[in-house]
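Below: one structure, written as structure tokens.
The values are calculated or read from the model by the stated rules, or taken from the named source; none is laboratory data. All values derive from a computational prediction rather than experimental measurement. Here the Cβ is made from the backbone with ideal geometry for all residues, glycine too, and neighbour counts use every protein chain on show.
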Amino acid sequence: MLSQCALISRFSAGATTGRASNLFAEGDVLYSYDHHFPLAVRRDWGAGIQYLITRDRRSISTGNHQRQCIARLAPNVQNWLCT
């Protein structure tokens with residue numbers, strides 16, 4: 001199993017599968033814990049944005065996943081709020 005940092009780095013390089021502790025990639029989506037919480041979505045959103053990262057906070061560990069994603073996917077990141 002990959003580390004969370006390694007999985008996010010592989011996702012940023014185009015990987016469409018992979019697992020880390022409480023984090024996994026399927027297609028162009030990176031999930032925190034399970035399918036109910038998409039953490040990052042990859043696609044060409046325009047204006048140089050390639051990734052959307054959710055701003056929803058479910059737990060301290062999910063907040064850590066968000067911070068890692070923002071750091072490793074920058075500068076092509078925009079936050080969004082799921083409701």
message: Of everything in region 11-28, what is surrounded by fewer than 17 Cβ atoms within 10 Å (Cβ to Cβ) and either of a type in the set (A, V, I, L, M, F, W, C) or under 17 Å from ARG43 (Cα atoms) (or both)? Give them in sequence order.
response: ALA13, GLY14, ALA15, THR16, THR17, GLU26, GLY27, ASP28
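Provide a single number: the residues in region 29-70 that are within 20 Å of SER3 (Cβ to Cβ) and either among the charged types (D, E, K, R) or surrounded by 11 or more Cβ atoms within 10 Å (Cβ to Cβ) (or both).
First, the residues of region 29-70 that are within 20 Å of SER3 (Cβ to Cβ): 29-34, 37, 39-40, 42, 51, 53, 59-70.
Retained after the next criterion (residues that are either among the charged types (D, E, K, R) or surrounded by 11 or more Cβ atoms within 10 Å (Cβ to Cβ) (or both)): 29-34, 37, 39-40, 42, 51, 53, 59, 61-70.
So the count comes out to 23.
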query: Cβ-Cβ below 7 Å, separation at least six or inter-chain, first residue in region 65-82 and closer than 20 Å to TYR33 by Cβ and at pLDDT below 85, second not in a loop (DSSP other than H, G, I, E, B) and not β-branched (Val, Ile, Thr): which pairs?
result: TRP80/LEU52
task: Mind counting the residues in region 1-59 that are farther than 16 Å from ALA74 by Cβ, assigned to a strand (DSSP E or B), modelled with pLDDT of 95 or more and of a type in the set (A, V, I, L, M, F, W, C)?
output: 5
